[in-house]
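Participant: The structure's right below; bear with me while I get my questions together.
The values are calculated or read from the model by the stated rules, or taken from the named source; none is laboratory data. Being a predicted model, the structure only gives us computed values, none of them experimental. Note that each Cβ is placed from the backbone with ideal geometry, even for glycine, and that neighbours are counted across all protein chains shown.
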Amino acid sequence: MTETNDVVFEGQVVHCIGCGAKVQTEDKDQLGYTPQSALDKGLANGEVYCQRCFRLRHYNEITPVSLTDDDFLKLLSQIRDTNSLIVYVVDIFDVNGSLIPGLHRFVGNNDVLLVGNKLDILPNSIKTSKVKDWLRQRANAAGIRPADVALVSAKSNQNVDQLLGQIDKLRDGKDVYVVGVTNVGKSTLINQIIKQATGIKELITTSRFPGTTLDQINIPLDDGQKIVDTPGIIQPEQVAHLLSGKELKLVTPNKTIKPRVYQLNPAQTLFLGGVARFDYVAGDAKHGFTLYVENNLFVHRTKLENATNFYEKHVGEMLTPPTAENVADFPKLVRHEFKTDKKSDIVLEGLGWITVPAGVTVAGYAPEGVAVLIRPAMI
């Protein structure tokens, strides 16, 4: 049943092909709003985008929407009762931030193909077999038992052909649901699949902003089944929710990461712009600490005893992001201390990680609400 303000064309409710929202022409402050003139043009050429997606695609502007976290979860929970293959996309650069421990609450008993995206930003020296094994272990630790694991770069189309082969084998004639948290590249991956199948480029709206896909988007398959791009589950602890688009460019890797090694003595500090901090608190000697973060993110070394005052004086100016205009609203940095008994990574969710040696005490600081974790070293 359609609602009174739904736009209907040839007997079907019209959805934005960028984000999946129902198109409407009456309320510019609600989901799916499209001016009548733009709607007429879109219906004529077969590509209807809501105004939000149009401005996002052409001007990289984001408009607030009224869809709540509960709305996203309700949409995802419908997958539980289907007989389908779940393609679960995570960000290799932010695995802990993109894993959902309760995934099977949303997908039921359906098989899960775990896809690690953004392979292109990892250093070339990393063996993909090791990353696959490590990714499966991280998933298992979160209670997820994938039927298979794939590594791709949706942005550069790396390994997408192999992924399509894995999907076809595992789905065995069933529908495919692509799920994941916001900002892991689901829609970019779907666009690559559509491009290979139809030649159409960038059909679905993509951006750095969390929550771009607002409803399920169906892509028909040759055998009558479909691939469904679902809304990203909102992770409030992701750094992406705290930064503007301009600021995100400074912390979100878009090219292969070049590891940066800093030789630190005990009681020295590194600032990662103004968004994070790392302290070498105690250890028996000078050690090398390797940073895996966006290549252009400014890193500053100083003495631990001076660090807090230095941050308060320079955040928003020397230490950016946040930029000066956003400092007042930026959360305070919260300290998390760790003692290592083996080579480990200190993970700053959404920003990257710092590889530390065994036998040291270190502290990682991230904005309040953003997790800082320790894990066995990935490299």
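Participant: Which numbered condition trips up residue 129, out of (1) in a helix (DSSP H, G or I); (2) closer than 18 Å to residue 229 by Cα; (3) among the small types (Gly, Ala, Ser)?
Facilitator: Condition (2) is where residue 129 drops out.
Participant: Inside the stretch 31-82, can you point out the residues that are surrounded by fewer than 15 Cβ atoms within 10 Å (Cβ to Cβ), in a loop (DSSP other than H, G, I, E, B) and modelled with pLDDT of 75 or more?
Facilitator: If the condition is that a residue be surrounded by fewer than 15 Cβ atoms within 10 Å (Cβ to Cβ), in a loop (DSSP other than H, G, I, E, B) and modelled with pLDDT of 75 or more, then 35, 47 are the ones that fit.
Participant: Yes or no: the stretch 163-173 includes at least one residue that is in contact with a Ser or Thr (Cβ under 8 Å, 6 or more places away or on another chain), surrounded by fewer than 21 Cβ atoms within 10 Å (Cβ to Cβ) and not basic (Lys, Arg).
Facilitator: No, the conditions are met nowhere in the stretch 163-173.
Participant: Okay, moving on. Inside the stretch 322-352, can you point out the residues that are among the aromatic types (Phe, Trp, Tyr) and modelled with pLDDT under 95?
Facilitator: Correct list: 330 only.
Residue-by-condition table, conditions (1) touching a Lys or Arg at 6+ places or on another chain (Cβ under 9 Å); (2) surrounded by 13 or more Cβ atoms within 10 Å (Cβ to Cβ); (3) of a type in the set (A, V, I, L, M):
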residue: 311; (1), (2), (3): yes, yes, no
residue: 317; (1), (2), (3): no, no, no
residue: 323; (1), (2), (3): yes, yes, no
residue: 327; (1), (2), (3): no, yes, yes
residue: 342; (1), (2), (3): no, no, no
residue: 345; (1), (2), (3): yes, yes, no
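Participant: Something else about it: Return the residues of the stretch 6-19 that are at pLDDT below 75 and either loosely packed, with under 13 Cβ neighbours inside 10 Å or of a type in the set (Ser, Thr, Tyr) (or both); say none if nothing qualifies.
Facilitator: 10, 11, listed by residue number.
Participant: Output the residue which, of all residues in the stretch 333-355 that are within 17 Å of residue 123 (Cβ to Cβ) and in a strand (DSSP E or B), is farthest from the chain's Cα centre (by Cα).
Facilitator: Checking each candidate, the answer is 355.
Participant: Out of 289, 298, report the one residue that is over 13 Å from residue 353 (Cα atoms) and either aromatic (Phe, Trp, Tyr) or loosely packed, with under 13 Cβ neighbours inside 10 Å (or both). Write out each step before concluding.
Facilitator: On the way: 289 fails: over 13 Å from residue 353 (Cα atoms).
None of the others qualify; the one that does is 298.
Participant: Additional query: Please verify whether residue 41 is over 27 Å from residue 186 (Cβ atoms) and among the basic types (Lys, Arg), treating the condition exactly as stated. Please lay out each step first, then the result.
Facilitator: On the way: over 27 Å from residue 186 (Cβ atoms): yes; among the basic types (Lys, Arg): yes.
Against the criterion (over 27 Å from residue 186 (Cβ atoms) and among the basic types (Lys, Arg)), residue 41 qualifies.
Participant: Here is a further query. Could you say which residue among 261, 281, 275 is crowded, with 19+ Cβ neighbours inside 10 Å, of a type outside the set (D, E, K, R) and modelled with pLDDT of 95 or more? First the steps, then the outcome.
Facilitator: Values: 261 fails: crowded, with 19+ Cβ neighbours inside 10 Å; 281 fails: crowded, with 19+ Cβ neighbours inside 10 Å.
Exactly one of 261, 281, 275 is crowded, with 19+ Cβ neighbours inside 10 Å, of a type outside the set (D, E, K, R) and modelled with pLDDT of 95 or more, namely 275.
Participant: Could you list all residues from the stretch 132-163 that are under 17 Å from the mean Cα position of the chain (by Cα), hydrophobic (A, V, I, L, M, F, W, C) and not in a helix (DSSP H, G or I)?
Facilitator: Passing the criteria: 150, 151, 152, 154.
Participant: To continue, here is another question. Consider the stretch 192-228. How many of its residues are at pLDDT 80 or above, closer than 20 Å to residue 48 by Cβ and either of a type outside the set (Lys, Arg) or not assigned by TED's automatic domain parsing to the domain that holds residue 89 (or both)?
Facilitator: 2
Participant: Exactly one condition in (1) under 13 Å from residue 270 (Cα atoms); (2) among the charged types (D, E, K, R); (3) not in a helix (DSSP H, G or I) is false for residue 305; which is it?
Facilitator: With respect to (1) under 13 Å from residue 270 (Cα atoms); (2) among the charged types (D, E, K, R); (3) not in a helix (DSSP H, G or I), residue 305 is out only on (3).
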